[in-house]
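Take a look at the structure set out below.
The values are calculated or read from the model by the stated rules, or taken from the named source; none is laboratory data. Because the structure is predicted, anything quoted here is derived from the model rather than measured. A quick note on method: Cβ atoms are made from the backbone with ideal geometry, for glycine too, and the neighbour counts reach across all protein chains shown. Side chains included, ligands, DNA and RNA excluded: accessible areas come from the protein's heavy atoms. Shrake-Rupley method; radii C 1.70, N 1.55, O 1.52, S 1.80 Å.
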Amino acid sequence: MLWIDLIVLTFVIFCAIAAITVKDLLATAILFGAYSFMMCLLWAVMGAVDVAFTEASVGAGVSTVFFVAAVFRTSRRTKD
Amino acid sequence: MKLLGFIVVSLAGALLLYGTQDFPAWGDPQSPASVHLSNDYIEKAVDQTQVPNLVTAVLADYRGFDTMFETAVIFCAGLACFLLLRDFSKKRERYYRHVSTGVILHVKNQEKKLTVGNEFEYMDKDWVPSDLIIKTICRILIPFIQIYALYVVAHGDFSPGGGFQGGVIFGASFILMAISYNLKTLVNRIKEKVFGIFAAVGVLIYVGIAALCMPMGGNFLDYSKLAPLIPGDPGHIRALGMLGVEIGVGIAVTAAMAIIYINIVSEGRHDEGL
Amino acid sequence: MTDLLPLIVAKYNYWLYVILMMIGLYAMIAKNNLIKKLVGMNIFQTAIILFYVSIGYKVDATLPIIQGAHGGQGAAIQAADYINPLPHVLMLTAIVVSVATFGVAMALAVRIYQRYQTLEEDELRMRLSE
């Protein structure tokens, strides 16, 4: 159980670093969704099923949609 | 700025890493967080509330006041998006498409309107041809998503889920409709006024159930005093009270999610968007 | 060796939370784009939520949903058998509030873009000083 936890945590950190370094905001949106979903997996492993369910519907679902909507109305361009 | 930020972050991170020394081991049953209040909740919640899911029991009953204002926060977020972005000015130009020939009409005079029907269809400025497969799949999928959302709300007492999750899934079904058809379809089918009223009604249901306990002789949010109003086993009255509250939360969250999405994607003009 | 390994692993967990939190803080301080800053804020929030949830975890315990609650009379409930539900409740609240703040922040970003045609912090500062 602990090893699943640590492997997923490492993935989470990769996703977080990628989400803030990539130079395209649409890519950031998708990587952020992946990050949220990994988080949700981690919480399900830790037994927090309610929190995991909320994160799967809120963080990985609706937040990403809001993000894509905002990128659609602004720009994909970013300097860093 | 980058260097300064890196220094600040490194210092804060080093301090926090130093602080982790004194933490209890991971998963220790005797850690301070697990020995004081939570044992009371775990051992007594089922006797007192008849709700097996402890998270729902604590969320909607023991900490009901907290959740009430959280619902108010969601409502305020919807209201803030509306006030920030809503633009009531008339649209300057419109696009129509003649269905049989595919000719696109660009109408600049804002007084002039064509009747949208079999002959002409409304068109977005950056238009993509509507995909039959996506439309059909989404039309089949949306009712199932909505039934699942209702299931999640209704079974919040017994399994993971509850008002927030169910409300978000229900709101996501509306968003899916807006994405698969176009925004105009959603806005025409459900008026923004209806969404606004529903967001307020959800909060009102919560506060109403909570306040109804006071004339019945209890404290605010003391569901057990509602027993004379509802027939059936008086032992389950707290579970029923929680269910009512969760329905209120679900309605408020559904409407707030739809309001936020519609306002962001159309920049408040409610005409075209993703 | 069998005793040492879980000890290291337990602390490794907390180190990763701190690293995640600092990634979020760094993005909030050093990134130039407003939306990147928002992503940093969300990463910070999720790291704190992760920390709280992991505090509630107990070894050899099950989910905080009581088994056989209706009809299982007589079976006493042991607190050590169930994961601590209190951090979960607090963090459920935090996640839902975080999506509300995220929506409002996105609305503000769209509004800023409408007015200044940019989301970069330095360009915004230039426009404001003109």
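Against the test of being open to solvent by 30 Å² or more (accessible area, probe 1.4 Å) and not charged (D, E, K, R), the options C:Ala109, C:Ala94 yield a single qualifying residue, C:Ala94. Identification of helices (runs of 4 or more DSSP H) wholly contained in segment C:27-130 with 3 or more residues that are more than 11 Å from chain B (Cβ to nearest Cβ) yields C:34-56, C:121-129.
Scanning segment B:6-27 for residues that are within 7 Å of another protein chain (Cβ to nearest Cβ) and assigned to a loop (DSSP other than H, G, I, E, B) turns up B:Phe23, B:Ala25, B:Trp26, B:Gly27.
The residues listed here are B:Asp40, B:Asp28, B:Asp22, B:Asp47; of these, the one that is over 30 Å from B:Ala255 (Cα atoms), of a type in the set (Asp, Glu) and surrounded by 14 or more Cβ atoms within 10 Å (Cβ to Cβ) is B:Asp28. Each residue in segment C:3-26 was checked for being modelled with pLDDT of 90 or more, more than 7 Å from chain B (Cβ to nearest Cβ) and either more than 28 Å from C:Lys58 (Cα to Cα) or more than 15 Å from the chain's Cα centre (by Cα) (or both), and 0 of them qualify. When segment A:36-66 is limited to residues that are more than 7 Å from chain C (Cβ to nearest Cβ) and over 27 Å from C:Leu86 (Cα atoms), the one that is least open to solvent (accessible area, probe 1.4 Å) turns out to be A:Thr64. Of all the criteria given as (1) more than 13 Å from the chain's Cα centre (by Cα); (2) open to solvent by less than 20 Å² (accessible area, probe 1.4 Å); (3) more than 7 Å from chain C (Cβ to nearest Cβ), the one not satisfied by A:Gly33 is (1). If B:Asn53 satisfies all but one of (1) of a type outside the set (Asp, Glu); (2) open to solvent by 10 Å² or more (accessible area, probe 1.4 Å); (3) at the interface with chain C (Cβ under 7 Å from one of its Cβ atoms); (4) in contact (Cβ under 8 Å) with a residue 60 or more places away in the chain, what's the number of the condition it fails? Here B:Asn53 meets the rest and fails (2).
Taken as a whole, the condition of being hydrophobic (A, V, I, L, M, F, W, C), assigned to a helix (DSSP H, G or I) and more than 8 Å from chain C (Cβ to nearest Cβ) applies to B:Leu3.
Whenever a residue of segment B:206-232 is modelled with pLDDT of 85 or more and of a type in the set (D, E, K, R), its partners that are crowded, with 18+ Cβ neighbours inside 10 Å and assigned to a loop (DSSP other than H, G, I, E, B), lying with C-beta atoms within less than 6 angstrom and at least six residues away or across chains, give the pairs B:Asp222/B:Cys213; B:Lys225/B:Cys213. Does any residue of segment B:215-238 turn out to be within 14 Å of chain C (Cβ to nearest Cβ), buried (at least 19 other Cβ atoms within 10 Å of the Cβ) and more than 22 Å from A:Phe67 (Cα to Cα)? Yes; the residues of segment B:215-238 include at least one that is within 14 Å of chain C (Cβ to nearest Cβ), buried (at least 19 other Cβ atoms within 10 Å of the Cβ) and more than 22 Å from A:Phe67 (Cα to Cα). For B:Ala210, are the conditions met, namely being closer than 15 Å to B:Met68 by Cβ, away from every other protein chain (no Cβ under 13 Å) and open to solvent by 30 Å² or more (accessible area, probe 1.4 Å)? In short, no.
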